[in-house]
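Each remark here refers to the structure printed beneath this line.
The values are calculated or read from the model by the stated rules, or taken from the named source; none is laboratory data. Note that the structure is predicted; figures quoted are calculated from it, not measured. In this analysis, Cβ positions are derived from the backbone assuming ideal geometry, glycine residues included, and neighbour counts consider all displayed protein chains. Calculation scope for accessible area: heavy atoms of the full protein, side chains included, ligands and nucleic acids excluded. Shrake-Rupley method; radii C 1.70, N 1.55, O 1.52, S 1.80 Å.
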Amino acid sequence: MNNWVLIAGGAGYIGSHTAISLVENGYRPVVIDNMCNSSPESIRRVESITGIEVPLIQADLRDSAAVRAVFDRYAPSAVIHFAGLKAVGESVERPLAYYDCNLGASFSLFDEMLRAGCHSLVFSSSATIYGEPQQLPLTESHPIRPTNPYGHGKAMIEQIIMDLGRARPDIRAFNLRYFNPVGAHPSGLIGEDPSGIPNNLMPFVSKVAVGRLPRLQVFGSDWPTPDGSGVRDYIHVMDLAEAHVAAVRALPGQNGVRAVNIGTGRGTSVLELVAAFSAAAGQEVPWEVAPRRAGDIARCYADPALARNLLGWSARRSLADMCEDTWRWQSRNPDGYGEA
Ligand code: NAD
Ligand code: UD1
């Protein structure tokens, strides 16, 4: 077995960080990405951090011939599938585009994997598939009740992988259900680079801190939480990257398909995050209370026990690390990869 790992969607935020962890653990990443939400600069910077050439094939996963050529050339022993569109609000406005891209890319990728005899897969799922939590912390047995096309698509792809596993006992896969990924590589060279005005909290806060946006709107101060603001399970992207390496490492001993939560198990409120970011940046981040955002929930955090037991992985980095690393990336690259 060779040590190439195919990273589908690997030029994006989580994929580029995972490429670094793979190299640090003796794997060779090869990336396929259509660049619809990323820049080749991320992979150039991964190469400068690791000192290793990372092949980047710029192609859409729905282009089966292009995907086939990658399998033929590199014969990867495993695939990590990050590729897809991820904006929840946009998925409500453009459901067909979301199903076409996210499901179409997955069909084509899985088809070519099977054709090439590659049976080891790690898939980027999301805690969003749980919908409104019935109990906390969220365990993997919580009902699957997504509330938008993005989440429905993730649940469908999880189901497709489960069905493949039932049909083919040689298939091994982990559906990793991420909680809220934030932070950046400590070098400050790569990080999250959202286009336009960010929807998610941490990129919004960091754009305010760097002066690109005037102030944060805190969506609701009357939630049933200790300080009234929403609570989430933020996880450092390098911890998440290491979870993928742990999953790839565990695949050969894995029987069938398993869904695994990837979170810290700790809830952090919006106001706690703002305070931690202000400390990291050495300046107050201005904020004001605004009405609740439609579709939001009060609290969401993981039970990460299965990841510990099955993958031997748990998150190590603190909220301060998440804020300091985000700030380093944002302050050194105020326009993301755009200025490169
Ligand atoms: P990202 O947008 O930075 O990365 C996704 C990459 O996939 C991009 O580089 C994009 O160009 C590429 N891509 C999209 N459609 C493609 C296609 N048809 N063919 C080839 N490439 C394609 O997103 P990310 O934050 O790195 O997220 C990675 C994965 O994790 C996504 O599937 C996302 O849904 C999932 N996820 C993300 C979060 C989060 O908060 N970031 C949370 C839970 C799950
Ligand atoms: C969002 C997505 C969810 C996805 C997750 C991780 C929506 C409705 N949900 O959820 O599907 O899985 O990201 O990518 O988009 N907040 C503010 N002000 C802001 C932005 C956010 O107060 O400008 C608050 C929110 O109300 C929430 C917390 O910050 O309490 C985190 O928000 P966000 O980063 O968008 O993540 P999720 O709400 O978990």
### Query
Which whole-number percent of Cα pairs in segment 1-76 have a distance greater than 21 Å?
20 percent
### Shape call, segment 36-124: gyration tensor on alpha carbons, a/c limit 1.5
oblate
### Query
Tilt of helix 270-281 relative to the longest C-alpha principal axis of the chain, in degrees (0 to 90, nearest 10)?
90 degrees
### Task
Grab the beta carbon distance between Ala290 and Asp63, set R0 = 41 Å, and tell me the FRET efficiency rounded to 0.05.
0.45
### Query
With the other protein chains left in place, how much accessible area per residue, in square angstrom, belongs to segment 169-279 at a 1.4 angstrom probe?
35 Å²
### Task
Report, in whole Å, the centroid distance computed from the Cα atoms of segment 87-123 and segment 205-280.
24 Å
### Task
Of the options Leu61, His119, Gly151, report the single residue whose Cα projects farthest towards the positive end of the charge dipole of the chain (beta-carbon charges: Lys, Arg +1; Asp, Glu -1).
His119
#### Entry: Check: segment 127-199 dipole with +1 on Lys, Arg Cβ and -1 on Asp, Glu Cβ, in debye
220 debye
### Query
With r defined as the distance between the Cβ atoms of Gln135 and Ser331 and R0 fixed at 51 Å, what FRET efficiency is calculated, to the nearest 0.05?
0.80
### Task
Express the C-alpha Rg of segment 149-278 as a ratio against the empirical globular expectation 2.2 N^0.38 Å, rounded to two decimals.
1.29
### Task
Leaving out ligands and nucleic acids, note down the accessible area per residue over segment 4-79 with a 1.4 angstrom probe, in whole Å².
36 Å²
#### Entry: Cα long-axis angle, helix 13-24 against the chain (0 to 90 degrees, to the nearest 10)
60 degrees
### Task
State the percentage of accessible surface on the chain attributable to carbon and sulfur atoms; use a 1.4 Å probe and exclude ligands, DNA and RNA.
49 percent
#### Entry: Cβ-placed point charges (K, R +1; D, E -1), dipole of the chain about Cα centre in debye, nearest 20
520 debye
### Task
Sum -39500 (n - 2.57) across every DSSP H segment of at least 4 residues in the chain, then divide by the residue count to get the 222 nm mean residue ellipticity, nearest 500.
-12000 deg cm²/dmol
### Task
With the cut-off at 13 Å, report for segment 21-65 the share of all Cα pairs above it, as a whole percent.
57 percent
### Summary
The equivalent-ellipsoid semi-axes of segment 245-340, taken as the square roots of five times the Cα gyration tensor eigenvalues and listed largest first in whole Å, are 32, 20, 14
## Note on the structure
Per the chain, sqrt(5λ) over the Cα gyration tensor eigenvalues, sorted largest first, in Å, gives 31, 23, 18
